[in-house]
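Each remark here refers to the structure printed beneath this line.
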Amino acid sequence: MGILLMLVHLSCLVLVIRSGNLNLITQALEAVGCKMQVIPDPTMVHFHLPNNLSVRVHREYEKFIQELTSYFPHEKEGILKFFGECWKIFNALNSLELKSLEEPLYLFGQFFQKPVECLTLAYYLPQNAGDIARKYIKDPQLLSYIDVECFLVSTVNALQTPMINASMVLCDRHFEGINYPIGGVGGIAKSLAKGLVDKGSEILYKANVTNIILDENGKAVGVRLSDGREFFAKTVISNATRWDTFGKLLKGEVIPKEEENFQNVYVKAPSFLSIHMGIKAEVLPPDTDCHHFVLEDDWTKLETSYGSLFLSIPTVLDSSLAPEGRHILHIFTVSSMEDWEGIGKEEYEAKKQFVADEIICRLEKKLFPGLKSSIDFMEVGTPKTHRRYLARVDGTYGPMPRKTPKGLLGMPFNTTGVNGLYCVGDSCFPGQGVIAVAFSGVMCAHRVAADIGLEKKSPVMDTMLLRLLGWLRTLA
Ligand SMILES: Cc1cc2nc3c(=O)[nH]c(=O)nc-3n(C[C@H](O)[C@H](O)[C@H](O)COP(=O)(O)OP(=O)(O)OC[C@H]3O[C@@H](n4cnc5c(N)ncnc54)[C@H](O)[C@@H]3O)c2cc1C
């Protein structure tokens, strides 16, 4: 099987290594005989929001709800009802054996075993978190808080975030909590790679795919690399975004109708600016949490470039990552490619320094006085860095609905309009984030296994289901 490259870029705000059916990273590691040593993260994120709203998302659900309701006692019932609906979805998902929703034998099998759970998910499929929040919650500030929570999941507000995606993240962090792998999140990719090689697979690094090769019937049969090498296979799975797969790797071919629909419903979300720093430990107050989200004084700046700041300090959990007396600080914020294109090298370097200085200044005021003078090392990455190292068009974070979506209804799965070609990753169902892309990988593996005869399949039912799913997507 030809695989484009599946090195998942991981940051560390939401990381899941635990039990339950949604523990896909643990399951993947186990499948290749790996187990990682982890440290429980007591606080998934500490929010620093307008009007001095300072909420920590504790590992323990009750403690988190207590903290949130202490700011909004008049909305206690609404908070419990909203999160209660999230749990309903999470529990349904977590109880199912997660495989390809494009595979009818599996789908009907699950339906007969767990009809209530399947119907629950079908009911929420076309719904967004913001609409459900508004059924129970009236306080505008609390609704803005829910927007922030959803922004962390999808980079858009709650009204545009599918309820299923929101529920996956809002509950997963409390279901046995988040565990941080000792040695850093890069260890997950390294362990998976080692496990695969130990099981007899071969992984090719520095392999830049420039074309997907089609045969005379238009079937995907292989890939061509930038150094001219070609690899042929029964199946090609692209982990590049759907925009890159169809706009770059299949350049010159007619874009299938399904992909046109996808591009009509979703646009590319902007990219990010990242600052990686090494800082002196004494600048952090005692008991500083590992992850922070800062939106200083204006809720309306949530989605704008440089409006809100994400921070991770992994050395709070694992001090072995930095020299003694030092911490690692990773800061990132929304930034668009347009801000960085068309400028010369010197101007580009000066702009990086200017933008970083402004962000450091904001953090000095809000969280860490003296931050600037405590910096030992700093590197700034822009949307161009994301584009270059992840090969993502415009360095995009992933798909963002063009207008209010019908939940997840419009998201394509793994099969494509090109025979033999599958897509996987964040521009496929169910979208961005590590848990979501791991789910998309599991779904794709199952669909491919059925198509190459490793799993049972029914060609007649397949055609009917794929048609039905295609039709449903046109309703989005
Ligand atoms: C700054 C930042 C912080 C984030 N923080 C979190 C977080 O805390 N929690 C969370 O759940 N999610 C987070 N995310 C989102 C998460 O990282 C993504 O949703 C996820 O990594 C997407 O996975 P993917 O496999 O679809 O794509 P990618 O991670 O982009 O992986 C695609 C891979 O394919 C390779 N590739 C692409 N084209 C080619 C080609 N032509 N030839 C060869 N190889 C190719 C790329 O090099 C890359 O390794 C964050 C994202 C960013 C940018």
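Read-outs throughout are calculated quantities, based only on the coordinates presented, and are distinct from any laboratory measurement. This is a predicted model, so every value here is computed, not measured. Because the Cβ atoms are built from the backbone with ideal geometry, glycine has one as well, and the counts that use them run over all protein chains shown.
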Report task. Starting from the Cα of E364, step 7 Å along the direction of its Cβ; do the same at E338; then give the gap between the two resulting points in nm. Result -> 3.2 nm
Requested in this report: Could you give me the percent of Cα pairs per 5 Å distance bin for segment 34-188, shortest bin first, beginning at zero and ending with the bin that holds the maximum distance?
Outcome: 2, 8, 15, 19, 19, 14, 11, 7, 3, 1, 0
Requested in this report: Bin all alpha-carbon pair distances of segment 359-467 at 10 Å intervals from 0 and give each bin's fraction as a whole percent.
Outcome: 11, 27, 26, 18, 10, 7, 1
Query raised in the report: Contour minus end-to-end for F377 and H276, with contour as 0.36 nm per residue of separation and end-to-end as the Cα-Cα distance?
Result: 35.6 nm
Report summary line: Per its Cα gyration tensor (rounded if a/c is under 1.5, else prolate when a/b beats b/c, else oblate), segment 145-270 is best filed as oblate
Requested in this report: Starting from the eigenvalues of the Cα gyration tensor, five times each then square-rooted, give me the equivalent ellipsoid semi-axes of segment 270-393, largest first, whole Å.
Outcome: 25, 17, 14
Query raised in the report: Fully extended, how many nm does the chain gain between F354 and K384 (0.36 nm per residue separation, minus their Cα-Cα distance)?
Result: 9.1 nm
Report summary line: Between L105 and K194, the FRET efficiency computed from the C-beta separation at R0 = 30 Å comes out, to the nearest 0.05, as 0.35
Query - Low-density loop cleavage sites - trypsin sites (Lys or Arg not before Pro) in segment 419-461, where at most 12 other Cβ are within 10 Å (DSSP) - result: K456
Requested in this report: Would you list the P(r) distribution for the chain, with all Cα-Cα distances sorted into 20 Å bins from 0 and each bin expressed as a whole %?
Outcome: 23, 58, 19, 0
Report summary line: Expressed in nanometres to one decimal, the distance between label points 7 Å along Cα→Cβ at S319 and T474 is 6.3 nm
Query raised in the report: Taking a 32 Å limit on the Cα-Cα distance, which of the listed pairs K99/K352; K99/K194; K114/K190; K138/K352 fall beyond it?
Result: K99/K352; K114/K190; K138/K352
